[in-house]
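Chemist: After the structure tokens below, expect a handful of questions from me.
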Amino acid sequence: MAQQEDVFKKIVSHCKEYGFVFPSSEIYDGLGAVYDYGQMGVEMKNNIKKYWWDSMVRLHENIVGIDSAIFMHPTIWKASGHVDAFNDPLIDNKDSKKRYRADVLIEDQIAKYDEKIEKETAKAAKRFGEAFDREQFLATNPRVREHMARRDALHERYKQAMNENNLPELRQIILDEEIACPISGTRNWTEVRQFNLMFSTEMGSTADGAMKVYLRPETAQGIFVNYLNVQKTGRMKIPFGIAQIGKAFRNEIVARQFIFRMREFEQMEMQFFVRPGSELEWFRKWKETRLKWHEALGFGQDHYRYHDHEKLAHYANAATDIEFLMPFGFKEVEGIHSRTDFDLSQHEKYSGKSIKYFDPETNESYTPYVIETSIGVDRMFLSVLCGSYEEEKLENGELRTVLHLPAALAPVKLAILPLVKKDGLPEKARAIMDTMKFHFNCQYDEKDSIGKRYRRQDAIGTPYCITVDHQSLQDDTVTLRHRDTMQQERLPIASLLPAIEEKVSITSLLQKL
Ligand code: ATP
């Protein structure tokens, strides 16, 4: 684990060193949990967004996109339940003065029981070798049985406390489980309090009677309040979806782990409107479709798992997360929720406008049910980086840091490198650049030895480099170097484009879906 944390620290500094992610307002010592994307980061982020957008809007005839405003009428957040219930239970340690989410402390404790069970099992597997029967061991070993019983009891108690919003009980669980603050090591805890995560500001001058407005904590409500506009103007027939990418803001209590939990972040959300009664079938379909989207990136199936929700939000009748194996464990990257007709009904109630759909197939009017897929761009970005980062030991003993980014997401697709800075090689290289730049992002680099230049490209995940040498002047060929294998081949300049373009385009990913 310590080793994995080390890797994570390296990824964070790599992000800064190579222009992927910078702490926001850095020259003023930064701003908590706010980050800026640099010259490489923005390219990769745009590629991720394009992959998502095209997979939704281009591949599905019945999904369209919108771009709604961040500011919305404040009653929307009353209707959606965010004003009253978008809270996290927080608790402070009186000695370290550190603040925690009570639910996270308890969930970590549950995970600790799982770790203990896993440890016992691994130990036994080693002892018994070939003859080891995992199922039987889990069913019979007294120590494992005890861990399981304690874990399940804790789970039950926690679930009930969360469902009942029972804050004293959450505190009692923390005390009973003897959970200590990782900083002070003490169990000197305050009461548990609810904390609303929405940021607010004022719109209009005070003289006019300013209105309190919120920075949206999710993009979804912008879709719900435009449901009628899109359905009518787009002549959409149920089932259909509306997709949106945009900023969201949450005043997170504990902002840790780099861009995993930010106060300003970006979401890619799609709300899919279906006939009541068909929602669970659609929920299953979207679960599969979304996992496939992740898996097409090629990090391997073992990097993903579903996590079904214990505590369903008040509006949901099914919910699952897609988790990615980060260096700090499996973590949520995307949520898929069956939200029933909660949101549309609430907006109908609060706005007084009818949001019914007349279904020509059944001759019925109803409020559509909704399946939501909601993914954080930044978390996705982090998962791609974590899945790609490698410190590779080469045969000659050297270490190279390489990002094995899926080519379609890499910020730079092709580096164009003249072997030396003279003899007409730079001019030849520039001429190639001038044709390639219309097709994908290229970088021209003539500084330092060719080996150093390759390393710089490896570090930003450039899938291809070409070297222009003296032979290129004679026969119009170049060496093409592949990032992952480091193998080189000689190719005519004329065949570069067909060789590379297909592999680096978003289309190559979309075709796997
Ligand atoms: P968590 O339990 O981690 O707080 P959540 O369940 O509240 O997340 P949702 O409300 O389902 O998250 O939001 C959908 C997606 O938005 C998440 O899967 C995640 O990728 C992203 N997201 C949510 N909060 C943040 C944040 N503070 N920073 C970055 N991304 C976030």
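Chemist: Inside region 486-513, can you point out the residues that are in a loop (DSSP other than H, G, I, E, B) and within 28 Å of the chain's Cα centre (by Cα)? Show your work before the answer.
Modeler: Looking only at region 486-513, we keep the residues that are in a loop (DSSP other than H, G, I, E, B), and these are 486-487, 505, 511-513.
Selection gives 505, 511, 512, 513.
Chemist: Where residues in region 218-248 are polar (S, T, N, Q) and farther than 23 Å from residue 197 by Cβ, which of them is farthest from the ligand (Cβ to nearest atom)?
Modeler: 233
Chemist: Moving on. List pairs: first residue in region 288-306 and assigned by TED's automatic domain parsing to the domain that holds residue 49 and without any contact (Cβ under 8 Å) to a residue 60 or more places away in the chain, second residue assigned to a helix (DSSP H, G or I) and buried (at least 18 other Cβ atoms within 10 Å of the Cβ) anywhere in the structure, Cβ distance under 8 angstrom, at least six positions apart or on different chains.
Modeler: Matching pairs, first to second residue: 304/291; 304/294; 306/287; 306/291.
Chemist: Looking at region 269-289, which of its residues are among the hydrophobic types (A, V, I, L, M, F, W, C) and within 16 Å of the ligand (Cβ to nearest atom)? Steps first, please.
Modeler: Restricting attention to region 269-289, the residues satisfying the condition of being among the hydrophobic types (A, V, I, L, M, F, W, C) are 270, 272-274, 280, 282-283, 286.
Once the filter is applied, which keeps residues that are among the hydrophobic types (A, V, I, L, M, F, W, C) and within 16 Å of the ligand (Cβ to nearest atom), region 269-289 yields 270, 272, 283, 286.
Chemist: Of all residues in region 306-329, which are touching a strand residue (DSSP E or B) at 6+ places or on another chain (Cβ under 7 Å) and buried (at least 16 other Cβ atoms within 10 Å of the Cβ)?
Modeler: Within region 306-329, 315, 316, 318, 319, 320, 321, 322, 323, 324 meet the criteria.
Chemist: Do we find a residue being under 17 Å from residue 63 (Cβ atoms) and either within 16 Å of the ligand (Cβ to nearest atom) or surrounded by fewer than 19 Cβ atoms within 10 Å (Cβ to Cβ) (or both) anywhere in region 194-215?
Modeler: So in region 194-215, the residues under 17 Å from residue 63 (Cβ atoms) come out as none.
Among the residues of region 194-215, not one is under 17 Å from residue 63 (Cβ atoms) and either within 16 Å of the ligand (Cβ to nearest atom) or surrounded by fewer than 19 Cβ atoms within 10 Å (Cβ to Cβ) (or both), which makes the answer no.
Chemist: Also, I was wondering about something else. Of these, 236, 262, which one is part of a loop (DSSP other than H, G, I, E, B), at pLDDT 95 or above and surrounded by fewer than 20 Cβ atoms within 10 Å (Cβ to Cβ)?
Modeler: Values: 262 fails: surrounded by fewer than 20 Cβ atoms within 10 Å (Cβ to Cβ).
Sole residue among the options that is part of a loop (DSSP other than H, G, I, E, B), at pLDDT 95 or above and surrounded by fewer than 20 Cβ atoms within 10 Å (Cβ to Cβ): 236.
Chemist: If you don't mind, there's one more thing I want to ask. I'd like to know if region 203-226 contains one or more residues that are in contact with a strand residue (DSSP E or B) (Cβ under 6 Å, 6 or more places away or on another chain), in a strand (DSSP E or B) and among the aromatic types (Phe, Trp, Tyr).
Modeler: Yes, region 203-226 contains a residue that is in contact with a strand residue (DSSP E or B) (Cβ under 6 Å, 6 or more places away or on another chain), in a strand (DSSP E or B) and among the aromatic types (Phe, Trp, Tyr).
Chemist: If you check 113, 37, 28, 51, which single one turns out to be over 16 Å from residue 255 (Cβ atoms), surrounded by fewer than 16 Cβ atoms within 10 Å (Cβ to Cβ) and among the aromatic types (Phe, Trp, Tyr)? If you could, list the steps in order and put the result at the bottom.
Modeler: Details: 113 fails: surrounded by fewer than 16 Cβ atoms within 10 Å (Cβ to Cβ); 37 fails: surrounded by fewer than 16 Cβ atoms within 10 Å (Cβ to Cβ); 51 fails: surrounded by fewer than 16 Cβ atoms within 10 Å (Cβ to Cβ).
The match here is 28.
Chemist: What tally of residues in region 258-274 results from selecting those that are touching a helix residue (DSSP H, G or I) at 6+ places or on another chain (Cβ under 9 Å) and of a type in the set (Asp, Glu)?
Modeler: Within region 258-274, the subset touching a helix residue (DSSP H, G or I) at 6+ places or on another chain (Cβ under 9 Å) is 258-262, 265-274.
Next, only the ones that are of a type in the set (Asp, Glu) stay: 266, 269.
So the count comes out to 2.
Chemist: Taking region 32-79 as the region of interest, how many residues are more than 27 Å from residue 345 (Cβ to Cβ) and assigned to a helix (DSSP H, G or I)? So that I can check it myself, show each step before the final result.
Modeler: First pass over region 32-79, keeping only residues more than 27 Å from residue 345 (Cβ to Cβ): 32-55, 58-59, 61.
Among the residues that remain, those that are also assigned to a helix (DSSP H, G or I) are: 39-55, 58.
Within region 32-79, residues that are more than 27 Å from residue 345 (Cβ to Cβ) and assigned to a helix (DSSP H, G or I) number 18.
Chemist: In the list 371, 375, 336, which residue meets the criterion of being without any contact (Cβ under 8 Å) to a residue 60 or more places away in the chain, in contact with a strand residue (DSSP E or B) (Cβ under 6 Å, 6 or more places away or on another chain), within 14 Å of the ligand (Cβ to nearest atom) and β-branched (Val, Ile, Thr)? Please lay out each step first, then the result.
Modeler: Working: 371 fails: without any contact (Cβ under 8 Å) to a residue 60 or more places away in the chain; 375 fails: without any contact (Cβ under 8 Å) to a residue 60 or more places away in the chain.
The conditions single out 336.
The values are calculated or read from the model by the stated rules, or taken from the named source; none is laboratory data. Keep in mind the model is a prediction, meaning the values are calculated, not measured. With ideal geometry, Cβ positions are generated from the backbone for all residues, glycine too; neighbour counts draw on all protein chains shown.
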